[in-house]
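Here the structure comes first, spelled out in structure tokens, and everything after it is commentary.
Please treat every number below as a calculation from the coordinates, not as lab data. Bear in mind that the values here come from a model prediction, so they are computed numbers and not experimental data. Because the Cβ atoms are built from the backbone with ideal geometry, glycine has one as well, and the counts that use them run over all protein chains shown.
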Amino acid sequence: MEFGVSTFVTDDGIRPAALGRALEERGFASLYVAEHTHIPVKRETPWPGGDELPRHYHRTLDPFVALTAAATATERLRVATGIALIIQRDPITLAKEVASLDLVSDGRAALGIGAGWNREEMRNHGTDPTTRMRLLRERVLAVKELWTKDEAEFHGEFVDFDPVFSYPKPVQEPHPPVLIGGAGPTTFDRVLEFGDGWMPIYGAAGDLVANIAELREGAGRAVPVTVFATPDRREIVAELEAAGVDEVLFQLPTEPEDESLRILDRFAELT
């Protein structure tokens, strides 16, 4: 089992290059960064984590800029989104961003995706919350076409373009892994149709042993499982390893560099 960190990289926390170096020095395998393009001032959508939305949600860096900085400061660290809100992103631009990150990192990129929770944020991008799952599906499928075809085209309900040249192509074959976030009743359908792995949040995925077994049986293969926001407790790490989890992500609070390094030292004791 491998270990990584998920976090919100912001303008008032540790810089992404310094964070990447610190993770690699401590033997961590990966860095996953969150995305919010903005937070509407007037918001009716409840935050799933509680009453008050934490400040770091307002201040995230663009994930691909942050991950590029981390990638160029490291040699082995995998760099990934956790999660990219692709229902708020143009798929042609997204395909180029991820392929470019995979190129500059020499094949270390991964794309963790989800549909998000903030309906006001979605609407500001022209996304109808009621159709966001169908939109997510088409954008993933379109991105994979752009990554793998010399003359890519896609014709769907929401995404529609005639043959195009789109470069660079990713370094990884056939493409960087697409990890599906969430644990809802249709999540496994998405993993089986267009995902390369499952990325649930710790504590929100029910019986992990049973669910991982169900997913892998349905897929007929050992689908990789990455558990997000894992508490930094030894007994929980042991529980996830016994469940067959491939990668554990500890949630790093958004703090200045000195405090971030102290927290990473504590996390490293559990790896």
Considering the range 83-102, residues that are of a type in the set (A, V, I, L, M, F, W, C) and in a helix (DSSP H, G or I), and then whichever is surrounded by the most Cβ atoms within 10 Å (Cβ to Cβ), we arrive at Ala95
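Among the candidates Arg221, Arg234, single out the residue that is under 17 Å from Phe28 (Cβ atoms), out of contact with any Gly (no Cβ under 9 Å at 6 or more places or on another chain) and charged (D, E, K, R).
Details: Arg221 fails: under 17 Å from Phe28 (Cβ atoms).
Unique residue meeting the criteria: Arg234.
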Search the range 54-82 for residues being within 13 Å of Ala110 (Cα to Cα) and in a helix (DSSP H, G or I), and hand back the single one that is nearest to the chain's Cα centre (by Cα).
Pro63
For the range 158-235, give me every one of the strands (runs of 3 or more DSSP E) that falls completely inside it and has 2 or more residues that are over 30 Å from Leu270 (Cα atoms).
160-164
In the range 137-195, how many are surrounded by fewer than 19 Cβ atoms within 10 Å (Cβ to Cβ), without any contact (Cβ under 8 Å) to a residue 40 or more places away in the chain and of a type in the set (Phe, Trp, Tyr)?
2
Search result, residues across the range 103-136 that are surrounded by fewer than 16 Cβ atoms within 10 Å (Cβ to Cβ) and among the basic types (Lys, Arg):
Arg123, Arg134
The conditions are (1) farther than 21 Å from Ala80 by Cα; (2) of a type in the set (A, V, I, L, M); (3) touching a Leu at 6+ places or on another chain (Cβ under 7 Å), and Ala213 fails exactly one of them. Which is it?
(3)
Please find, within the range 27-42, the residue that is surrounded by the fewest Cβ atoms within 10 Å (Cβ to Cβ) out of those that are among the aliphatic types (A, V, I, L, M) and farther than 15 Å from Phe64 by Cα.
Val41
